[in-house]
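The structure under discussion appears below in the form of structure tokens.
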Amino acid sequence: MKILIKNNDLNEALSGLSNLGFIPTMGSLHKGHISLIKKSIKICHKTIVSIFVNPTQFNNLRDYKRYPRNLKKDLKILKKLNVNFVYIPKKKQIYNSKSKIKFHMPKKDKILCAKHRKGHFEGVIDVMVRLTEKIKPSKIFMGEKDFQQLLLVKRFIEKNFTSKIIPCKTIRDTNSLALSSRNLLLNKNGLINCGRIAKNLISFKKRLLKRKITKKIINTKIFELKRKYNINIEYFEIRNIKNLKISKNIKNSRIFVAYHFNNIRFIDNF
Ligand code: AMP
């Protein structure tokens, strides 16, 4: 496994490679990341993982500073998986020049996280453009856990580059909580509580298969979640998986939720 830090080393290591699979991450790797990496190893000739906690996608400095960082452990995991390359750039390596491809979020897309985390996706797409320009992968593996991010990045990257975005299923813990690096900020009781929220929404979705979605059903569920699990809900919406339009029917749709528990922000979709 080659560890690449400088842009020159990256260019040299990747020159002439074809069918390169790329998994962009912010580190603190878990089984969710590992499933993306394994998929790449299976279908690509070589695999590169990046670890970069991208400051421009955090709209809150405190959130950026306390984002979990576990580089030593991450490198152990990647070595065991037999990943070919790990790219660990410093901020200046990524932001050493102006990006030629600019992203502007259309008004109609300012929903869910785009509405509530101002500038977040602009930061995500900017860093994805910079990484894709440098790495030139054939395939980029991304998780459905961050569903809106997946759709926005797929649309923009596939429009501007030849790289294909490969969507990957959300991996959950045994208690149903979606794996996330932020789970490391939870104590045991927090993990149990958030697992119960996930379980609650999985069975709520099943019940929706038989009924039309009304405002009353959604508001009652929001009220119940807040009361039972001591959370603040940022959004709780049911939207179509193709175009993210509000849905009156659970078919071809998902429940999208963002909530705060113990001052930690979680997102999920079911
Ligand atoms: P992050 O390190 O949180 O930026 O995530 C890097 C990639 O891993 C993104 O494409 C995420 O959607 C994906 N990912 C994060 N958590 C999971 C999960 N539980 N299951 C599948 N993919 C995930």
Please determine, by comparing only the residues of segment 136-156 that are over 17 Å from Lys31 (Cα atoms) and in a strand (DSSP E or B), which one is nearest to the ligand (Cβ to nearest atom).
Ile140
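Let's see how each residue does on (1) in contact with a Leu (Cβ under 8 Å, 6 or more places away or on another chain); (2) modelled with pLDDT of 95 or more; (3) among the polar types (S, T, N, Q):
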{"position": "Asn187", "(1), (2), (3)": "no, yes, yes"}
{"position": "Thr220", "(1), (2), (3)": "no, yes, yes"}
{"position": "Asn249", "(1), (2), (3)": "no, no, yes"}
{"position": "Asp268", "(1), (2), (3)": "yes, yes, no"}
Which pairs have Cβ atoms under 8 Å, sit 6 or more apart or on different chains, and link a residue in segment 26-47 that is assigned by TED's automatic domain parsing to the domain that holds Tyr67 and near the ligand (Cβ under 6 Å from one of its atoms) to one that is in a helix (DSSP H, G or I) and open to solvent by less than 10 Å² (accessible area, probe 1.4 Å)?
Met26/Ser181
Matching residues, segment 239-266, being within 18 Å of Arg62 (Cα to Cα) and hydrophobic (A, V, I, L, M, F, W, C)
Phe261, Ile264, Phe266
Need at least 1 residues that are open to solvent by 40 Å² or more (accessible area, probe 1.4 Å) and closer than 20 Å to Ser163 by Cα per element, so show me which helices (runs of 4 or more DSSP H) inside segment 1-112 make the cut, counting only ones lying wholly within it.
7-14, 31-43
State whether one or more residues within segment 209-217 are outside the structural domain of Ile111 (by TED's automatic domain parsing), surrounded by 11 or more Cβ atoms within 10 Å (Cβ to Cβ) and under 19 Å from the mean Cα position of the chain (by Cα).
no
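The values are calculated or read from the model by the stated rules, or taken from the named source; none is laboratory data. From a predicted model like this one, the values you see are computed outputs, not experimental measurements. Neighbour counts are summed over all protein chains in view; Cβ atoms, including those assigned to glycine, are modelled from backbone coordinates with ideal geometry. For the accessible areas, the whole protein counts, side chains as well, though only heavy atoms, and no ligand, DNA or RNA atoms are used. Shrake-Rupley method; radii C 1.70, N 1.55, O 1.52, S 1.80 Å.
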